[in-house]
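The values are calculated or read from the model by the stated rules, or taken from the named source; none is laboratory data. Being a predicted model, the structure only gives us computed values, none of them experimental. Neighbour counts are summed over all protein chains in view; Cβ atoms, including those assigned to glycine, are modelled from backbone coordinates with ideal geometry.
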Amino acid sequence: MSKVFSVAIDGPVGAGKSCVAKKVAERLNAAYLDTGAMYRAVGLYMLENGVSLEDGAAIAENAGKARVDVRYEGREQRTYLNGRDVTGELRRPEVSLASSAVAKVHAVREALVNRQRELARGISLVMDGRDIGTCVLTDATLKIFLTAAPEERARRRFRQMNGRGVQSFEDVLNDLIRRDRNDMSRAESPLRCAEDAVELDSTSLTEDEVVERIVSLLMERTGGERA
Ligand code: DC
């Protein structure tokens with residue numbers, strides 16, 4: 001496909017957004033941006049610097065000190081916090097909760113949304129997050145809202161963590177429900193399905209089936225050849 005396009009994939013924790021987005025990008029030979037990693041890096045900064053996650057004003061005050069960069073090694077996104085590659089630290093459970101806390105803060109969102117738009121300028125890309133279709137890329141070529149039942153999402157997360165098993169299945173499910181609640185109830189860009197998004201429930205679909213649907217939908221929109 002020669003025309004520049006963008007695909008926005010939003011949805012709750014564990015719906016499979018990042019794996020699906022990565023595969024869609026690969027199929028379409030487009031860039032991929034995991035925006036959650038950027039919120040996680042800011043959350044990590046607050047944890048490392050003893051900023052209370054309950055204190056929105058303190059998070060806002062410190063937000064400017066957390067410089068987040070994204071670079072690529074081949075197709076792999078590496079996320080940097082003040083020049084340090086923190087990619088390997090971002091999936092820790094305490095970082096997950098911290099990311100959800102910082103994501104409520106206007107100053108954090110404003111800085112990261114601006115950076116995400118900059119990164120998207122002029123290139124074909126697939127971006128995943130919570131507010132991509134409703135805020136970051138409101139004119140995306142295709143918007144997907146990817147969901148799945150909470151128990152299924154927790155099962156997938158739990159499976160992913162296998163071997164690094166620091167949490168029980170119940171802990172994973174409870175964290176996920178807590179983060180869903182945070183993400184959907186916050187005043188700043190809450191997680192919701194954009195009016196013009198296609199809602200895809202992946203509970204009983206394989207990852208490849210979801211990828212296939214998204215690629216087909218994009219082809220319909222752009223009138224392109226199948227990748
Ligand atoms: O997708 P993830 O689990 O890596 O995201 C981490 C947190 O960041 C999650 O609690 C919601 C928040 N987030 C957001 O508010 N907006 C985005 N575009 C991406 C993530």
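So here's what we get for this one:
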item	result
Residue, farthest from the ligand (Cβ to nearest atom), within region 134-153, restricted to residues that are surrounded by 19 or more Cβ atoms within 10 Å (Cβ to Cβ) and under 20 Å from VAL70 (Cβ atoms)	ALA140
Residues of region 51-98 that turn out to be at pLDDT below 95, of a type in the set (Ser, Thr, Tyr) and part of a helix (DSSP H, G or I), as a count	1
Filter pass, LEU33 being within 15 Å of VAL95 (Cβ to Cβ), modelled with pLDDT of 95 or more and in contact with a helix residue (DSSP H, G or I) (Cβ under 7 Å, 6 or more places away or on another chain)	no
Among the candidates GLU151, GLU76, GLU110, residue that is under 18 Å from VAL24 (Cα atoms) and out of contact with any strand residue (DSSP E or B) (no Cβ under 7 Å at 6 or more places or on another chain)	GLU76
Region 9-31: number of residues that are in contact with an Asp or Glu (Cβ under 8 Å, 6 or more places away or on another chain) and either in a strand (DSSP E or B) or among the β-branched types (Val, Ile, Thr) (or both)	4
Those residues of region 32-74 which are within 16 Å of the ligand (Cβ to nearest atom) and of a type in the set (Lys, Arg), in sequence order	ARG40
Those residues of region 99-125 which are more than 9 Å from the ligand (Cβ to nearest atom) and either touching a Gly at 6+ places or on another chain (Cβ under 6 Å) or among the basic types (Lys, Arg) (or both), in sequence order	VAL105, ARG115, ARG117, ARG121
Qualifying positions in region 117-130 - surrounded by fewer than 24 Cβ atoms within 10 Å (Cβ to Cβ) and either touching a helix residue (DSSP H, G or I) at 6+ places or on another chain (Cβ under 8 Å) or assigned to a strand (DSSP E or B) (or both)	ARG117, ALA120, SER124, LEU125
Residue match in region 173-194 (condition: β-branched (Val, Ile, Thr) and away from the ligand (no atom under 14 Å from the Cβ))	no
Members of region 1-31 that are closer than 14 Å to VAL215 by Cβ and within 13 Å of the ligand (Cβ to nearest atom)	ILE9, VAL20, ALA21, LYS22
Within region 104-119, considering residues that are at pLDDT 95 or above and aliphatic (A, V, I, L, M), the one farthest from the chain's Cα centre (by Cα)	ALA107
Residue that is surrounded by the most Cβ atoms within 10 Å (Cβ to Cβ) [pool: residues in region 176-227 that are of a type in the set (D, E, K, R), more than 23 Å from ALA101 (Cβ to Cβ) and modelled with pLDDT under 90]	ARG226
Residues within region 131-168 that are part of a loop (DSSP other than H, G, I, E, B) and within 13 Å of the chain's Cα centre (by Cα), tallied	1
Residues located in region 196-227, provided they are under 21 Å from THR138 (Cα atoms), of a type in the set (A, V, I, L, M) and part of a helix (DSSP H, G or I)	ILE214, VAL215, LEU217, LEU218, MET219
